[in-house]
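Read through the structure below, which is laid out as structure tokens, and then see the notes.
The values are calculated or read from the model by the stated rules, or taken from the named source; none is laboratory data. Treat the numbers as computed from the prediction; the structure is a model and nothing was measured. Cβ atoms come from the backbone with ideal geometry, glycine included; neighbour counts cover every protein chain shown.
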Amino acid sequence: MTTIKQGNYVLFEDIESVKELYRAGEASAYNKAQLGQLLGEEPVAATSTAYMHWAFEDRAVEIEKLDQEDRYYFLRLFYLKEDKTARIYQLVNEQSMRIRYGLSGNGRNGWMIRWERLKPDLLQFRRERFQIERDQISHVHPRPLLSQIHLQEMLRPIAIKPEVQQLVHLTSTSGFDLEDESNQSADAAFRLLDNLREDHVSEHGRDAMQVARWTMNLDSQVQCHFCSTQYPRYEEMVDRDPFGIKTRFNYAFSSQRVLNLTEGDVLFITTSFKQGNTYCTALFDLAVFHITRWLEEKGVIVLFSAGGGRSGEGFVSYEELFQELTVAYNATNWPGIVVGGINPNALCIESNYASIVTCYAPPHEKKPDFDESSGATSVIAGLVVRAQQYAQTTGRQYLKPAEIKNLLKTCGRRLTVQPVGDICLPDWESIKAGIAELLP
């Protein structure tokens, strides 16, 4: 029998499986009636053992604005709620799978333990199998009243999509007190984090956007925005200081800023997470993988840093982990563009690496100290924006994510660098020539 423990994330294969769980009272959210409405189901009271919670429940208002097909995409990811009582679900079939994702990319060591998908025919829970590990039980704080967390303020409006192309960087915050800036309002806090001012962004994030702007080399109107990777949870906003904020990739990738991206827009993130002693690309996070696939279907280009650092054992391969995830996610074609770093002389790799890495890039000449995969991803983000702008001037539509990915793999200087082997360093003239070959 397979155990699903607290914090385990489960990606359901289809929406009917989720509806079945909701009708049985086994799937829940802070606002249970709203979850039912999003699913198109009559309201059902959750059972006392309903600890399978919707992963995007704090984004319900934004997701409600999506059309039904897109909405269902976001309604398939749930997690077993963590509530200090160490409750455990036992699944009926021993062959059923589980995904362990902590709080979906919270940055802690070892937060990713297992990463397999739960099949729809294995969803029947047996309440008599529900167990409590009594030696782990501790005091459970009462859940805050809805009025305490400003639930009425959750009706946040979605911003209207601008006509110009968007470049959005997901980054960490710095230099402001969230509680003070938001006047202790949940609604205001989420608005601030979804639309970060540049003076609220970390130095790393500001450097990343500056490098991307330099690389764009454009006078055209491209709107650049910052969105936080760090969020609180509504349920924690009463007792925590400051609001229990931590890195939550699932919140960042479901922000109103990201949900509003459309064809031709570019999203990039230079934050990675630590698995054991290895920094991995954020694309390995289940929620990020799931949403990136959705964004690419809309024509949005999404870029990720490969991760890595000079400390400890230096740069390493996570090929084995990538292959395991490929099987677990049933990913014949991975979404997203992963960028690795190389030193200015193109002599040695300056990031972790695996076959998932699309291309590599040296640091920008104006900011040589902003290097490794963060600097490289920022350079490539700028190149992608420039490529999309150039494609528009030729009279064709924006390039598709697959076309951009292929250009980055093939249009540039090719060289062999150990221990990776053959790599491509994209440059503007080569990409420009590659776009010309795509024209009818």
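Restricting to the stretch 400-414, what's the tally of residues that are surrounded by 14 or more Cβ atoms within 10 Å (Cβ to Cβ) and in contact with a strand residue (DSSP E or B) (Cβ under 8 Å, 6 or more places away or on another chain)? If you could, list the steps in order and put the result at the bottom.
Applying the first criterion (surrounded by 14 or more Cβ atoms within 10 Å (Cβ to Cβ)) to the stretch 400-414 yields 400-401, 403-412.
Subset that is in contact with a strand residue (DSSP E or B) (Cβ under 8 Å, 6 or more places away or on another chain): 401, 404-405, 407-412.
Final tally of qualifying residues: 9.
Which one of the conditions (1) under 11 Å from the mean Cα position of the chain (by Cα); (2) more than 30 Å from D369 (Cβ to Cβ) does K298 fail to meet, given that it meets all the rest?
That leaves (1) as the condition not met.
Only residues that are aliphatic (A, V, I, L, M) and at pLDDT below 90: list them for the stretch 222-265, please. Outline the logic, then answer.
Pass one, the stretch 222-265, residues aliphatic (A, V, I, L, M): 222, 237-238, 245, 252, 258-259, 261.
Matches in the stretch 222-265: M237, V238, I245.
Of the numbered conditions (1) buried (at least 21 other Cβ atoms within 10 Å of the Cβ); (2) more than 18 Å from R206 (Cβ to Cβ), V379 satisfies every one except a single condition; which is it?
(2)
I need the full set of residues from the stretch 345-377 which are small (G, A, S) and in contact with a helix residue (DSSP H, G or I) (Cβ under 9 Å, 6 or more places away or on another chain), in order please.
Here is the first cut: in the stretch 345-377, the ones small (G, A, S) are 346, 351, 354-355, 361, 373-376.
Across the stretch 345-377, the qualifying residues are S351, A354, S355, A361, S374, G375.
Of everything in the stretch 206-222, what is touching a residue at least 60 places away in the same chain (Cβ under 8 Å) and either over 16 Å from P426 (Cβ atoms) or polar (S, T, N, Q) (or both)? Give them in sequence order.
Across the stretch 206-222, the qualifying residues are D207, A208, M209, Q210, R213, T215, N217, L218, S220, V222.
Taking into account only those residues within the stretch 26-81 that are among the acidic types (D, E) and part of a helix (DSSP H, G or I), which is nearest to V10 (Cα to Cα)? Before you say what the answer is, go through the steps one by one.
Of the stretch 26-81, the ones among the acidic types (D, E) are 26, 41-42, 57-58, 62, 64, 67, 69-70.
Right, trim to part of a helix (DSSP H, G or I) and you get 57-58, 62, 64, 69-70.
Working: E57: 15, D58: 17, E62: 22, E64: 21, E69: 19, D70: 18 Å.
So the residue we want is E57.
Any residue that is assigned by TED's automatic domain parsing to the domain that holds L170, more than 18 Å from E350 (Cβ to Cβ) and in contact (Cβ under 8 Å) with a residue 24 or more places away in the chain - is there at least one of those in the stretch 301-312?
Scanning the stretch 301-312 turns up at least one residue that is assigned by TED's automatic domain parsing to the domain that holds L170, more than 18 Å from E350 (Cβ to Cβ) and in contact (Cβ under 8 Å) with a residue 24 or more places away in the chain.
Could you check how many residues of the stretch 310-330 are in contact with a helix residue (DSSP H, G or I) (Cβ under 7 Å, 6 or more places away or on another chain) and either at pLDDT 95 or above or part of a loop (DSSP other than H, G, I, E, B) (or both)?
Residues in the stretch 310-330 being in contact with a helix residue (DSSP H, G or I) (Cβ under 7 Å, 6 or more places away or on another chain) and either at pLDDT 95 or above or part of a loop (DSSP other than H, G, I, E, B) (or both): 1 in total.
So G434 clears everything in (1) under 21 Å from V300 (Cα atoms); (2) part of a loop (DSSP other than H, G, I, E, B) except one condition, right? Which one?
If we test G434 against (1) under 21 Å from V300 (Cα atoms); (2) part of a loop (DSSP other than H, G, I, E, B), just (2) comes out false.
Being modelled with pLDDT under 80 and over 14 Å from S378 (Cβ atoms), is that true of even one residue in the stretch 187-202?
Initial filter on the stretch 187-202 (modelled with pLDDT under 80): 187.
Now restrict to residues that are over 14 Å from S378 (Cβ atoms): 187.
Yes, some residue in the stretch 187-202 is modelled with pLDDT under 80 and over 14 Å from S378 (Cβ atoms).
Within the stretch 331-353, take every residue that is in a loop (DSSP other than H, G, I, E, B) and in contact with a Ser or Thr (Cβ under 6 Å, 6 or more places away or on another chain) and give me the one that is nearest to C424 (Cα to Cα). Quick ask: steps written out before the conclusion?
Kept after step one, since they are in a loop (DSSP other than H, G, I, E, B), are these residues of the stretch 331-353: 331-336, 343-348, 350-352.
Narrowing the set further to residues that are in contact with a Ser or Thr (Cβ under 6 Å, 6 or more places away or on another chain) leaves 335-336, 351.
Details: P335: 19, G336: 17, S351: 15 Å.
Per the stated criteria, the residue is S351.
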